[in-house]
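*Asks:* My questions all concern the structure below.
The values are calculated or read from the model by the stated rules, or taken from the named source; none is laboratory data. Just so we're clear, the structure is a prediction, and the values are computed from it rather than from any experiment. Neighbour counts are summed over all protein chains in view; Cβ atoms, including those assigned to glycine, are modelled from backbone coordinates with ideal geometry.
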Amino acid sequence: MSEIILVTLPIGNTGDITLRALEALKSGKTFYAEDTRVFKELLNSLGITYQDKFIDSFHDQSVGKIEVIHAKIKNGETVYLVSDAGSPMVSDPAYPLLKKLQEEGISIRTLPGVTAVITALELSALPPHPFHFWGFIARGKGEKKDFFKDLNKTSGTHIFFESPHRIFETIENFFEVHPEKTLVIGRELTKTYESVYRLVKSDLPRVKEIVMDKGEFVVLFHNAEIKAGADQEEVLELVRDYLDNGGSTKKLAKVFSKILSTDTKTVYDQLSRSVK
């Protein structure tokens, strides 16, 4: 039984390919790529012939090929999985395939390289610890705004991908929710026209003059450390004080039920037990 090897490819500049990845592209015989045309163009640019290689596609609609790949590996083939750019695990739907292979006891190896996430984090000059990567976020305006609101609960630097067709709408949605923050945008990272934009809300009227909506985008922003709320004993002490001064347990339960999104009776019973 052989193995599957993930090969991370340059995200733009072919000079970023690693020596191990280069050797794999030369010696490997069976490849699955996001787009076979893009992969063959890369091989051509690196001076690698591929007429003697088996090259097939593996992308969002390729779930049916999982069993085929599994069978090839069981029959002794070493299979290489690549993306158009970057990591095949981060950029493409490698996870279902890898999950299946891991469950079947197939060996998984990786030849790591440059990733857009880390490159953007370095260029952003935002705090690196912790950081959270979200891939491509929801497309709808309401969903995006909910996403940005939800991240208020999580401190750290947040990183996500966005397409050039939606970048301006995303910028507007972000500042509707976070008018006080800075939004960092990396475009065409490692390529000839690499750009890093640092935007604040006052830039919105001229954002289409500042940001060119072509290429690949990585978007980042930072949430400062979120202070922990009062501990349970502090909360109970405030509740006792409220009740001792004539407050109603029933009214208090109604308030807490709204905050906790649960029914009033459950909260009332818990309060009654806690403050005795």
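*Asks:* Just one of PRO127, PRO164 is of a type outside the set (Asp, Glu), over 16 Å from ILE185 (Cβ atoms) and surrounded by 14 or more Cβ atoms within 10 Å (Cβ to Cβ); which is it?
*Replies:* Working: PRO164 fails: over 16 Å from ILE185 (Cβ atoms).
Every option except PRO127 fails the conditions.
*Asks:* State the number of residues belonging to the range 114-153 that are in contact (Cβ under 8 Å) with a residue 12 or more places away in the chain, of a type in the set (A, V, I, L, M, F, W, C), within 19 Å of ASN173 (Cα to Cα) and not in a helix (DSSP H, G or I).
*Replies:* Residues flagged as in contact (Cβ under 8 Å) with a residue 12 or more places away in the chain, of a type in the set (A, V, I, L, M, F, W, C), within 19 Å of ASN173 (Cα to Cα) and not in a helix (DSSP H, G or I) within the range 114-153 amount to 4.
*Asks:* Considering only the range 29-49, I want to know if a residue exists there that is touching a Lys or Arg at 6+ places or on another chain (Cβ under 7 Å), of a type in the set (Lys, Arg) and not assigned by TED's automatic domain parsing to the domain that holds TRP134.
*Replies:* Yes, the conditions are met somewhere in the range 29-49.
*Asks:* Looking at ASN152 and the list (1) at pLDDT 95 or above; (2) among the polar types (S, T, N, Q); (3) surrounded by fewer than 13 Cβ atoms within 10 Å (Cβ to Cβ), which single condition is not satisfied?
*Replies:* Condition (1) is where ASN152 drops out.
*Asks:* Looking at (1) crowded, with 17+ Cβ neighbours inside 10 Å; (2) modelled with pLDDT of 95 or more, find the lone condition where SER62 falls short.
*Replies:* SER62 satisfies all of (1) crowded, with 17+ Cβ neighbours inside 10 Å; (2) modelled with pLDDT of 95 or more except (2).
*Asks:* I'm told ASP84 meets every condition in (1) closer than 30 Å to LYS26 by Cβ; (2) out of contact with any helix residue (DSSP H, G or I) (no Cβ under 7 Å at 6 or more places or on another chain); (3) in contact (Cβ under 8 Å) with a residue 12 or more places away in the chain except one. Can you identify the failing condition by its number?
*Replies:* Among (1) closer than 30 Å to LYS26 by Cβ; (2) out of contact with any helix residue (DSSP H, G or I) (no Cβ under 7 Å at 6 or more places or on another chain); (3) in contact (Cβ under 8 Å) with a residue 12 or more places away in the chain, the lone unmet condition for ASP84 is (2).
*Asks:* Quick one: how many residues across the range 33-44 are in contact with a His (Cβ under 9 Å, 6 or more places away or on another chain) and buried (at least 16 other Cβ atoms within 10 Å of the Cβ)?
*Replies:* Qualifying residue count for the region: 2.
*Asks:* Sticking with this one: If only one of ILE69, ILE48 is surrounded by 17 or more Cβ atoms within 10 Å (Cβ to Cβ) and either more than 13 Å from GLU34 (Cα to Cα) or not acidic (Asp, Glu) (or both), which one is it?
*Replies:* Selected residue: ILE69, the only one of ILE69, ILE48 that is surrounded by 17 or more Cβ atoms within 10 Å (Cβ to Cβ) and either more than 13 Å from GLU34 (Cα to Cα) or not acidic (Asp, Glu) (or both).
*Asks:* For the range 74-100, how many residues are of a type in the set (A, V, I, L, M, F, W, C) and crowded, with 20+ Cβ neighbours inside 10 Å?
*Replies:* The qualifying residues number 6.
*Asks:* With the checklist (1) free of Cβ contacts under 8 Å to residues at least 60 places away in the same chain; (2) surrounded by fewer than 18 Cβ atoms within 10 Å (Cβ to Cβ); (3) outside the structural domain of ILE11 (by TED's automatic domain parsing) in hand, flag the one item ILE185 doesn't pass.
*Replies:* The single condition ILE185 does not satisfy is (2).
*Asks:* Only one of (1) surrounded by 15 or more Cβ atoms within 10 Å (Cβ to Cβ); (2) of a type in the set (Val, Ile, Thr); (3) under 23 Å from GLU162 (Cα atoms) fails for THR30. Which number is that?
*Replies:* Result: THR30 fails condition (3) only.
Table: residues versus (1) in contact (Cβ under 8 Å) with a residue 60 or more places away in the chain; (2) aliphatic (A, V, I, L, M); (3) in a strand (DSSP E or B).
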residue: LEU6; (1), (2), (3): yes, yes, yes
residue: LEU25; (1), (2), (3): no, yes, no
residue: LYS40; (1), (2), (3): no, no, no
residue: THR49; (1), (2), (3): no, no, no
residue: ILE66; (1), (2), (3): no, yes, no
residue: ILE108; (1), (2), (3): yes, yes, yes
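*Asks:* Looking at the range 1-41 only, could you name the residues that are in contact with a helix residue (DSSP H, G or I) (Cβ under 7 Å, 6 or more places away or on another chain) and aliphatic (A, V, I, L, M)?
*Replies:* The answer is MET1, ILE4, ILE5, LEU6, VAL7, LEU9, ILE11, LEU25, ALA33.
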